[in-house]
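The values are calculated or read from the model by the stated rules, or taken from the named source; none is laboratory data. Owing to the predicted nature of the structure, the values given are computational and were not obtained by experimental measurement. We work out accessible area using only protein heavy atoms, side chains counted, and drop any ligands, DNA or RNA first. Shrake-Rupley method; radii C 1.70, N 1.55, O 1.52, S 1.80 Å.
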Amino acid sequence: MSHTAHIPSHRKPRRSASKLALRAGVAGGVLGTIAVAGAAGPANAEPVTETIEMPTLGSLDAGTGLASAVAASADASQQEALDQSLQTQENAALQKAAKEAKQAKAEADRKAAAERAEKARLKAEQERKEAAERATRDSARTQLSTTSSSNDSGSSSDSGSTASQSSNETQAPSGSAAAIVAFARAQIGDAYVSGGTGPNSWDCSGLVQAAYRAAGIDLPRISYQQSSMGTSVSLSNLQPGDVLYWGSRSGSYHVAIYVGGGKYVGAQNPSSGVVEHTMDWDTPSGAVRIL
């Protein structure tokens, strides 16, 4: 046999790469065919004669469930983050409100303490002033008593003065004096307020001014100005409507109205208000007649 003669082979022929195709399922459940062809195969290669089925990765419903789970997880994470943010804001707001409430309480306590201190100061000042007035009145009474005793020891006019005083005490007011007395007595029981000019609260000179105004007579507002008006009269020769004063005539610190019967009406002090007293309850320093 010639060495060039064809010797048939007993080996099974290999499959050509161009004849193998793979059919695989995609994740969404849609079948596809992947053809594997020899890149370097001849142009007249034989057609594909065999395919291999590949398993699918999952059905369309399974893919949808996975996507829903992922979306739900993302929503839950977002909601958790939102809840934490809201909680943080709420805590911050509560802390701020508590701080502001604490500051407001401290400020209110400070103001209350300041008001209490001011009230205590005003009360102490009023008590000091009243004590000074009482001391001055006591001094004036002592001086008047000494002067009266000295005069009485060398004078025979005692009986005449006593008779005059008795006459004054029984004398009924008339005309302008009656209007002044009636107005003054109508205010008995009203409150004493420094600077008060009525209609329900008075200080001493405010009451005297209003009483005289009821009779059509205008007086100054201040006590020492009122005691400087008219004519000075003796305490033993008083008539209803006369203005009584305590202190010096040009420097009096208190005034009242003589209403007859050895009595006077005046706005006394914050604790007494407008009262009627006998002359010996707090003897005035002097008197003036303006009518």
Quiz item: When all protein chains stay in place, what accessible area (Å², nearest 10, 1.4 Å probe) is found for Arg249?
Solution: 70 Å²
Quiz item: What residues have an amide H closer than 5 Å to that of Asp190, excluding those fewer than 5 places away on the same chain, when H is modeled at 1.01 Å from N in the peptide plane?
Solution: Val274
